[in-house]
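The values are calculated or read from the model by the stated rules, or taken from the named source; none is laboratory data. As the structure is a prediction and not an experimental result, all values here were calculated from the model. Heads up, the Cβs are rebuilt from the backbone with ideal geometry, glycines too, and the neighbour counts pull from every protein chain shown. The protein model used for the area step is the full one, side chains on, heavy atoms only, and it has no ligands, DNA or RNA in it. Shrake-Rupley method; radii C 1.70, N 1.55, O 1.52, S 1.80 Å.
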Amino acid sequence: MKAKGIYHSLQATVEKRQVNSRLANYDPVIISNDKPAQIQKITFVIERMAKYNGGQTSILRLGTELSKLGYQVGYIVYKTQTKADMQECASCNLSNYQGEMYTNKYLDKLNSDIVIASSWDTVAFAKKMKGYKMYFLQDYEPYFYSFGELFLMAKKTYEQGLHMVSLGPWNKEMVEKNCNIISPVDYIEFPYESREYPSCNRDYASYAKKRKFTIAVYLKYYGKRLPCITQYLLRQVKEEFKKDGITLNILYFGEDKSFRCDAGENLGMLSKKELLALYKRSDFGMVASMSNISLVPYEMLATGLPLIEFEDGTFPYFFPDNSAILTSLSYKDLYLKMKEVIKKPQLLEEMHETSDNYLKSLSWQKSAKEFSDILNGLL
């Protein structure tokens, strides 16, 4: 009982520290958002530039494509970071990015026609800047937390008057269903970059004779990626295949190498080149998209890698039926479905054809044009 009490005390201390650090900059005020007379300069507000960050890569891609359309695009951080470090991190995420980097010293100096918050903790800073306030939603962020103070603080940022644009329709639906919104909520299509993850020659027919399979698993520590459930399922599935004389080699990626993983190897956080190499040598990919989808399922499918997703997640919201293997939370279900497609590789061919046809309809150029059309609608 004493140990349990110490654990709860430590947990409460950590949560208190997290809430207080957020409260220091939190602004619950609802704004009056005046439409711009012109739209030339657009500034994205982020926490800080970080390497290997999928969300920031999407912001850089959107900003770069908007820049190509003639807008002056900038990225400003609210945490302390040098411009040189911002540029290095941005280049790591997107080598050919376009746009200007601004340190937090410019938060109260920069004049923009459009100011875009990129996460719930950036909203308060965006609200204080000059320009029409928008909010780029890459996820429904209250779901990042258990129900409580941080959940509520994140949720309330959707009700503060910023014009919201969702990456894909799922966030829009969640905000409209769960929040008392007073401002527009639009969305652009969720795209991916096809040039970085080209289709690979796959011999699906060979699966029926193989006795060893490699599965690349995108794993993060936070709950929306189901880190414990995913590892439990794979450990059990590995044992089931072992009884059949089949070896399942599990390679995790996406989290720091210090994160201990079960029944497989943690490769850590990988570069785009390393990711492509991993996808090429793997037989299956697995992602738990339980909130808004990430770029990883798109990348895997683009290379022809058969994908495993969860039927209770959001993958079916973004892709047509029969694009991937959808599993329940039962390891027996996953085992039997994998066993079926191994015995009948034509099922994998059909999934690839379905997903490939859908992916061909997507591009960052198209999504940036959709964003630009939303901007033009303000004038």
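Find the helices (runs of 4 or more DSSP H) located wholly in region 38-150 whose residues include 1 or more that are hydrophobic (A, V, I, L, M, F, W, C) and over 27 Å from P169 (Cα atoms), and list them.
On the way: elements: 54-68, 83-93, 123-128.
Correct list: 83-93.
Just the residues that are open to solvent by less than 10 Å² (accessible area, probe 1.4 Å) and not aliphatic (A, V, I, L, M), please, taken from region 150-160.
Of the residues in region 150-160, the ones open to solvent by less than 10 Å² (accessible area, probe 1.4 Å) are 154, 157-158, 160.
Within region 150-160, T157, Y158, Q160 meet the criteria.
Looking only at region 232-251, count how many residues are touching a strand residue (DSSP E or B) at 6+ places or on another chain (Cβ under 6 Å) and among the hydrophobic types (A, V, I, L, M, F, W, C). First the steps, then the outcome.
Step one: of region 232-251, the residues touching a strand residue (DSSP E or B) at 6+ places or on another chain (Cβ under 6 Å) are 234, 238, 241, 247-251.
Going one step further and asking which of them are among the hydrophobic types (A, V, I, L, M, F, W, C), we end up with 234, 241, 248, 250-251.
Final tally of qualifying residues: 5.
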Condition first: in contact with a strand residue (DSSP E or B) (Cβ under 7 Å, 6 or more places away or on another chain) and touching a residue at least 60 places away in the same chain (Cβ under 8 Å). Can you find one or more residues in region 343-366 that meet it?
no
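Could you check how many residues of region 201-220 are in contact with a Lys or Arg (Cβ under 7 Å, 6 or more places away or on another chain) and closer than 18 Å to V287 by Cβ? Lay out the reasoning, then the answer.
So the first thing to find is which residues in region 201-220 are in contact with a Lys or Arg (Cβ under 7 Å, 6 or more places away or on another chain), and the list is 208, 214, 219.
Now narrow it down to the ones that are closer than 18 Å to V287 by Cβ: 214, 219.
So the count comes out to 2.
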Evaluate the following for T214: is it among the β-branched types (V, I, T), open to solvent by 30 Å² or more (accessible area, probe 1.4 Å) and either within 23 Å of I293 (Cα to Cα) or modelled with pLDDT of 90 or more (or both)?
no
Among the listed residues S119, S91, S95, which satisfies the condition of being among the hydroxyl-bearing types (S, T, Y) and in contact (Cβ under 8 Å) with a residue 40 or more places away in the chain?
S119
Checking P198 against (1) closer than 21 Å to S367 by Cβ; (2) without any contact (Cβ under 8 Å) to a residue 60 or more places away in the chain; (3) of a type outside the set (G, A, S); (4) surrounded by fewer than 16 Cβ atoms within 10 Å (Cβ to Cβ), which single condition isn't satisfied?
(2)
Pull up region 41-90, narrow it to residues that are open to solvent by 70 Å² or more (accessible area, probe 1.4 Å) and among the charged types (D, E, K, R), then point me to the one that is farthest from Y106 (Cα to Cα).
K68
Output for region 287-330, where each listed residue is in contact with an Asp or Glu (Cβ under 8 Å, 6 or more places away or on another chain), modelled with pLDDT of 95 or more and among the polar types (S, T, N, Q):
N322, T327, S328
Tally, over region 276-323, of residues that are among the hydrophobic types (A, V, I, L, M, F, W, C) and closer than 19 Å to G168 by Cα:
13
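Residues to consider are F147, F125, F136; find the one that is open to solvent by 10 Å² or more (accessible area, probe 1.4 Å) and touching a helix residue (DSSP H, G or I) at 6+ places or on another chain (Cβ under 9 Å). Spell out the reasoning first.
On the way: F147 fails: touching a helix residue (DSSP H, G or I) at 6+ places or on another chain (Cβ under 9 Å); F136 fails: open to solvent by 10 Å² or more (accessible area, probe 1.4 Å).
The unique qualifying residue is F125.
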Residue set D34, D85; condition modelled with pLDDT under 95, assigned by the TED database to the domain that holds T157 and over 22 Å from E141 (Cα atoms); output residue D34
Which one is farthest from L66 (Cα to Cα), of the residues in region 167-184 that are open to solvent by less than 40 Å² (accessible area, probe 1.4 Å) and free of Cβ contacts under 8 Å to residues at least 40 places away in the same chain?
C179
Members of region 185-195 that are open to solvent by 10 Å² or more (accessible area, probe 1.4 Å) and not hydrophobic (A, V, I, L, M, F, W, C)
D186, Y187, E189, Y192, E193, S194, R195
Pull out all pairs, ordered by first then second residue, where Cβ-Cβ is under 6 Å, the residues are six or more apart or on different chains, the first lies in region 259-283 and is among the charged types (D, E, K, R), and the second is open to solvent by less than 30 Å² (accessible area, probe 1.4 Å).
D262/Q231; E265/L251; K280/C200; D283/F213; D283/T214
Long-range neighbours under 6 Å by Cβ, at least six apart or interchain, first residue without any contact (Cβ under 8 Å) to a residue 24 or more places away in the chain within region 306-326, second assigned to a loop (DSSP other than H, G, I, E, B) and among the acidic types (D, E)
L326/E311
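To keep it simple, each residue is scored yes or no on (1) among the hydrophobic types (A, V, I, L, M, F, W, C); (2) not in a helix (DSSP H, G or I).
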residue	(1), (2)
K172	no, no
I215	yes, yes
Y221	no, yes
K242	no, no
